[in-house]
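The values are calculated or read from the model by the stated rules, or taken from the named source; none is laboratory data. From a predicted model like this one, the values you see are computed outputs, not experimental measurements. Neighbour counts run over all protein chains shown; Cβ positions are idealised from the backbone, glycine included. Note: areas computed on protein heavy atoms with side chains; ligands, DNA, RNA excluded. Shrake-Rupley method; radii C 1.70, N 1.55, O 1.52, S 1.80 Å.
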Amino acid sequence: MAGAIIENMSTKKLCMVGGVLLIFQVLAFLVGGLIAPRPTTSLAFLAVKCVDVRRPHHNPKWLLPWGNDRCNSIRTFDEAANRLIEANDIVFSVHIPFQGHEMSPWFQFMLIILQLDIAFKLNNYIEDNAMVTLDVAMAYRDELTDPWTELAHSVEQRKLQCTFPASKTPENEGRYYECDVLPLIEIGSVTHKYYLLNIRLPVNERKKINVGIGEINDLRLVTIFQNGGFTRVWFAMKTFLTPSILIIMIWYWRRIVMMTRPPVLLEKIIFALGISMTFINIPVEWFSIGFNWTWMLLFGDIRQGIFYVMLLSFWIIFCGEHMMDQSERNRISIYWKQVGPIAFGSCCLFIFDMCERGVQLKNPFYSIWTTDVGANLAMAFIIVAGICACLYFLFLCFMVYQVFRNISGKQSSLPAMSKARRLHYEGLIFRFKFLMIVTLACAALTTVFFITTQVSEGNWKWGEFSVELNSAFFTGIYGMWNLYVFALMFLYAPSHKNYGDDQKNGRDGMSSGEELQLTTTITHADGPTELYRLAGKESQE
């Protein structure tokens, strides 16, 4: 009887396949650790205080911090007071990037956060629940001689979360508060060379706008974007892996449809996992180099979410199909209690993502973290997602334990078989258990590497070599899941090799009782592997 490749391939060939996959896995980590630079780069800017006495202020005029058309600027607010310049006439200007440099589409996205330097004054302190109002506008151009074109403009509010590290006494006047950074803007593409930010802090005492926010002396901005060198390595990996997964997926399904029986649920879910992996692999990001696709961040989150939904569902169904009796198998409705929460959680995360990056497609200055309700909701989503991930991993470990116990219980029929046949099935059980352990290792490795990169960012020095931890995490885990899906489709594809033919002499030596028991144990049910059929024999006996 023909089974899957994982059962009929010789141990020597199987070890060779495993060795090749291990080499590619090591290469995936090395590409990120030794070749790719760190995933992101940050630039810190100190805003220049420009003076704009025009009326009204909403007329489009862009103030530059440097260059031939640089604005009329001041150094301190004391200078502004001496020159009788009002607070509403001051514009904080930042040019991105620095003079003599250019932005690039290879940077993929740009996130800007804001840091306020607020000095303590007894007569001008930060009130409780203080809100700072920002009239912020962003423009772009591709040549230094081109006029500026408005990209976005909005009036935003951000809540100040500041603490004073000393006692609030006259001796400590002038010391700065310690304030949390504020999210300012996030755009999903960097298609232009130069960007300009003009930020006003409008003051209106009657409407309580920017009142009770302390004495703001400076605005500091940090711009974070994807490193262009990392982007090239990432695109190259996607371009290489896409045809690999696509070819093995077509080959796998072609072998499935060539069989006389219809595909079972386990084979369908493996094929669906291959489709989701192909979907996340397709390097559509290449088009973002030439097109202003600001939705790429949201699209990437959706693709990644679909893959993880399929992966989590696959593990549940894969374990369940090796635990259930034959009468309960091959029905997706059986798993609604396990798959339903996965789908529900994914929908919640999708809604959360749409509330953040979906709105940013219209207003890039929007952030769900700017209000108490939004921040609490976002934090609740993150905490619940972390708890659910831990619970899922524990539940998966429990299911794997149940599968091992179920398979071990079926081994009671093996001693009655001939030695050759018994060794064969013992080998199948060992291979299956090894695959399950690898599955758990992949899930655990993802969690461990994620925690490691959060705790220890940067790089490690090994002699003359510098290993970028974050880059190794991204490329290594991405390569690991591709190799895992590749291995599943290859090993669980129907084999053209018939184990019974290869062991003809051994079968001729079996007694009629052994043959009858083998038939009762194995051949009564359809399935991708002999072990799959062995695990479900109970209901037929």
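Note on exposure: Leu297, Leu428 ranked by accessible area (1.4 Å probe, complete protein assembly) read Leu297, Leu428, with the most exposed listed first. With all protein chains in place and a 1.4 Å probe, the accessible surface of segment 37-127 carries 50 percent carbon and sulfur. Within the accessible surface of segment 344-394, defined with a 1.4 Å probe on protein heavy atoms only, the carbon and sulfur portion equals 81 percent. Peptides 27-37, 244-254 ranked from most to least packed by the mean count of surrounding Cβ atoms within 10 Å: 27-37, 244-254. Model label sites at Thr145 and Asn292, defined 7 Å from Cα along the beta-carbon direction, differ in position by 2.2 nm.
The amide H of Leu64, built 1.01 Å from its N in the peptide plane, has Cys71 as neighbours under 5 Å, considering only residues 5 or more places off or on other chains. Each semi-axis of the equivalent ellipsoid for segment 100-153 is √(5λ) with λ an eigenvalue of the Cα gyration tensor; in descending order they amount to 35, 14, 12 Å. Rounded, prolate or oblate: pick one for segment 1-131, where a ≥ b ≥ c are the square roots of the eigenvalues of its C-alpha gyration tensor, a/c under 1.5 means rounded, and failing that, prolate if a/b is larger than b/c, else oblate. Prolate shape, in that a/c is at least 1.5 and a/b is the bigger ratio. Checking the table Lys159/Lys207; Lys193/Lys362; Lys238/Lys433; Lys13/Lys268; Lys13/Lys433 against a 28 Å threshold on Cα-Cα, which pairs fail? Table pairs above 28 Å Cα-Cα are Lys238/Lys433. Translational diffusion of segment 172-226 was estimated from the Stokes-Einstein equation, with Rh taken as the Kirkwood radius over Cα pairs; at 20 °C and 1.002 mPa s the coefficient is 145 µm²/s. As a calculated quantity, the FRET efficiency between Phe393 and Ile334 at R0 = 22 Å, using C-beta atoms, amounts to about 0.50. Distance between the modelled labels on Leu46 and Arg405, one decimal in nanometres: 6.6 nm (7 Å Cα→Cβ projection).
If R0 is taken as 25 Å, the Cβ-Cβ distance between Ser167 and Lys61 corresponds to a FRET efficiency of 0.05.
So what is the diffusion coefficient of segment 110-223 in µm² per second by Stokes-Einstein at 4 °C and 1.567 mPa s, using a Kirkwood Rh over Cα pairs?
The estimated diffusion coefficient comes to 82 µm²/s.
Solvent-accessible surface of protein heavy atoms, probed at 1.4 angstrom with all chains present, puts His95, His192, His101 in the order His101, His192, His95, largest first. Each principal axis of the Cα cloud of segment 64-170 was evaluated for its coordinate range; sorted largest first, these ranges are 51, 35, 24 Å. Put simply, segment 62-105 fits an ellipsoid with semi-axes of 27, 10, 9 Å; these come from the alpha carbon gyration tensor as the roots of five times its eigenvalues, largest first.
The string of couplings for segment 278-288 from the Karplus curve (6.51, -1.76, 1.60, θ = phi - 60°) is 5, 4, 6, 7, 3, x, 5, 4, 4, 5, 5 Hz, one whole number per residue in order, with x for Gly and Pro. Working from the Cα coordinates of segment 166-288, the gyration tensor eigenvalues give, after taking √(5λ), semi-axes of 57, 19, 15 Å in decreasing order.
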